[in-house]
């Protein structure tokens, strides 16, 4: 499995690096990992359908129990099928959608592969932190894909909106993961879910994770980024923002629900959010004239539906959710592709501007009707099976809330029926089209329509014979909830309540659509409801002004204040603790060698002179003397390594001081304000005394055993080195060293930038890219 | 940076000659410190600093142009290469199924030196060395060029 992820990464980065040189061939190369994934899934199908999991683990940092744990169980297999299957269809479709001259096509193709790999990582990860990493990688690739046309300010702003919102949710989720992992004592997802921990901390953690779920899966009130993401090219929208990525949240919800649905707040919270999302998203879809936006709000609505089903946490509802996941992946990707084809061939996707289409467009019309019918839940297509199972699951569940949930689902389904009709009518049949505009546009090439057909055919077949999915849905359901029974999907369950509800929803939907002109003013009033996009902008502006103000206070630009704050914190804080907790144990002995005294006197003298001298260069040189004095002390105490380093550092820092000194006046300025001088001397004295006390007391109050002996003993046999200092630096504590050199590199880059910033030729403004809003 | 005359720093003969004599031995010392560091006093950090001191001498003698003439590579390339080497060594064991930063031991027979033991930690140290050298070069690049006009004439005395 890890090989699959690496393959995605290699091919993805390769195609990005190749850039537009490959042209549309790049899309073929980029599709290879998805095809391989499908093949691999087919090879594993036997094992998974037998109810066994395929696992793989690569140790990463064993000391921290960090490992790349991957696990293919029934539900993961279902998601992998969705990710890779729709991926292949989208790549095939993209080859027709884009032309060789599309700007940044190579980057787009490579990013799609990288996204597919990240998404695969999300659904295969069994370790919460691996899942989190892949989750954020999908956010990042989504950001890059939405903003792939970097010349389009609107696309960039939409990309940023999506990234900030899903990123903030991701951070909340990470917090939840850590709390959950600590409470459970393991970060392995299936171990946590097998024996779910409980307690207040866990309850809070689950809410945090739900925030992440809601942002990723565009639940109210965090849905605002998804319609904006439609600025991306249509194949990207079809893949990321309808069929796969937005389902990452649902995927996680599905895992958590069986274990945590018994928490007191779970059902009221998840079901309310899901139902509001389903109904409100549907209503927004009803008043769109841009077909792509209509589908986007439709996706929001369907995600709310899925959240309700998986949020219930009963085996039957989870099963219905699994079927809906598959059905939605097929029909929504297909419908997005239809919009893309219309946009590509006619130049518009607005209901009021689309031209009349002649009979040569009928194959596409038929495919659209099948997919839209599946979305609406019309009998004999796949979506109907999901909807029936959903109604049945809610009816079978017990609880005072079932009535409300049923009412919400029927209302949502009626609205879904209405906007499905609106989609087909708007795309192909709307009257009042400008027919005068000459000949109807030429129909799309068969190869352009083929991916749509590839997705619509299963929609049709599985609507008639859903039993083909029994095994897959059974293992998927079981992997989420061990109590699940074997599933038997069927189209006809007899004349029962569920069927009645379906028919009621369909009839109400037709009525809603028929009354559209009378309802239009009512729907339009929805525009007055403040939407989350505005809230986002307000929050963004507030954050920017807030940050500016905080920076103004904290970073006021006065070096003396910075230094004073740092020194007082470093030296003052420990002293407070020392004075309270540690008694005075008298002077330590063994410090009285003659060499020490001489060197110490030199150091003291140089330090005092440096403090009182007025010439900068003299002060710097004396500072150097104190440093060399320290080196001498190290030599006397028998630490040649430290002495060597100290000498080298002192030499270099003196030279560097002199470099900077050239830009400063020759002498320190005269300080006339007495109180300020007193303050400075006071701080200096306090810090000096503090450090002195710290050194004195720390030596005589050892709490733990010395680690030195242990390290010295292990240096030769384990790290093959006799210089213990070096062994610590490059082996035992090498991770620290890696961190330190990273800081060094960052500091060096900062120094160069700082030095150059002052030197910008006059008239050239610094590059300043604000937030596009 | 632009439009500046190539250094017109007055060269002091004695400084110039001393630097010429000392520069390469100092560089060799730094390399020795780097490679001997695992068993004797030394290491990548100290080695890099000593090489940095050699660069500083070069700067004192001939200004930034002499420092730039030392290497074809730009300072940030060296800095980045150091960071890259260190992190590749840190990450490589993971691909081989070990933990991050796991040290590997290599022993070879080298014709003159006999049996030589090296560990992958040495490569990590080389990364540190490169990074420190790059850092020093970058500081000179940042603060070293464009000397203030009045100070060209009265060149600062060489530091210890």
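Laid out as a table, the results:
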{"read-out": "Extended-chain gain in nm, criterion 0.36 nm per residue less alpha-carbon gap, residue A:679 and residue A:698", "value": "4.1 nm"}
{"read-out": "Rule-of-thumb Rg ratio for the stretch A:214-283 [Cα; 2.2 N^0.38 Å; N residues]", "value": "1.21"}
{"read-out": "Residues of the stretch B:39-53 with amide N under 16 Å of the 7 Å Cα→Cβ point at residue B:28", "value": "B:51"}
{"read-out": "Kirkwood Rh and Cα Rg combined as Rg/Rh, the stretch A:521-661", "value": "1.31"}
{"read-out": "For A:382, B:45, order by how many other beta-carbon atoms lie within 10 Å, fewest first", "value": "B:45, A:382"}
{"read-out": "Spin-label pair residue A:191/residue A:366, simplified geometry with 7 Å Cα→Cβ offset, distance in nm", "value": "5.5"}
{"read-out": "FRET E, pair residue A:746, residue A:523, Förster distance 41 Å, beta-carbon r, rounded to 0.05", "value": "0.20"}
{"read-out": "Rg(Cα)/(2.2 N^0.38 Å) for the stretch A:1-97, N = residue count", "value": "1.26"}
{"read-out": "For the stretch A:92-235, convex hull of alpha carbons as volume per residue, Å³", "value": "102"}
{"read-out": "P(r), alpha carbons of the protein assembly as shown - 20 Å bins starting at zero, rounded %", "value": "12, 35, 29, 19, 5, 0"}
{"read-out": "Cα-based equivalent ellipsoid of the stretch A:108-168: semi-axis lengths in Å, sorted from largest, via gyration tensor", "value": "23, 13, 5"}
{"read-out": "Relative contact order (percent, whole number), chain A, Cα cutoff 8 Å, 6+ residue spacing", "value": "10"}
{"read-out": "The stretch A:358-395 residues near the modelled residue A:407 label - backbone nitrogen below 18 Å, point 7 Å along Cα→Cβ", "value": "A:391, A:394-395"}
{"read-out": "Helix A:532-554 axis, angle to chain A major axis (alpha carbon atoms, nearest 10°)", "value": "0"}
{"read-out": "Ranked A:419, A:265, A:251, criterion: other C-beta atoms within 10 Å, fewest first", "value": "A:265, A:251, A:419"}
{"read-out": "Cα-derived Rg over Rh, computed across the stretch A:256-344 with Rh taken as Kirkwood radius", "value": "1.07"}
{"read-out": "Gained length - residue A:358 relative to residue A:58, 0.36 nm times residue gap less alpha-carbon distance", "value": "102.3 nm"}
{"read-out": "Rel. contact order, % - alpha carbon contacts under 8 angstrom, at least six apart, the stretch A:1-135", "value": "40"}
{"read-out": "Kirkwood-type radius of the stretch A:361-468, with distances r between different C-alpha atoms, in Å", "value": "16.0"}
{"read-out": "Degrees between helix A:674-700 axis and first principal axis of chain A (Cα, 0 to 90, nearest 10)", "value": "90"}
{"read-out": "Residue A:17-residue A:276 FRET efficiency (beta carbon distance; Förster radius 56 Å; 0.05 resolution)", "value": "0.80"}
{"read-out": "Modelled FRET efficiency - R0 60 Å, residue A:43 with residue A:511, Cβ distances, 0.05 increments", "value": "0.75"}
{"read-out": "Rh by Kirkwood over Cα pairs, then Stokes-Einstein D for the stretch A:66-176 at 1.002 mPa s and 20 °C, µm²/s", "value": "141"}
{"read-out": "For A:460, B:57, A:245, A:337, order by how many other beta-carbon atoms lie within 10 Å, fewest first", "value": "A:460, B:57, A:245, A:337"}
{"read-out": "Relative contact order [Cα under 8 Å, 6+ residues apart], the stretch A:371-501, whole percent", "value": "36"}
{"read-out": "CD proxy at 222 nm, helix term only [per DSSP H run n ≥ 4: -39500 (n - 2.57); per residue of chain A; nearest 500]", "value": "-23500 deg cm²/dmol"}
{"read-out": "Virtual spin-label span in nm between residue B:72 and residue A:707, 7 Å along Cα→Cβ", "value": "4.4"}
{"read-out": "Inter-label distance, nm, simple model (7 Å from Cα along the C-beta direction), residue A:535/residue B:21", "value": "7.8"}
{"read-out": "Crossing angle, helix A:315-346 versus chain A [Cα axis fit, 0-90 degrees, rounded to tens]", "value": "80"}
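Readers should treat all values here as calculations from the given coordinates under stated rules, not as data from a laboratory. Every value quoted in this text rests on a predicted model; they were computed, and no experiment measured them. Ideal geometry is used to build each Cβ from the backbone, glycine not excepted, and the neighbour counts take in all protein chains shown.
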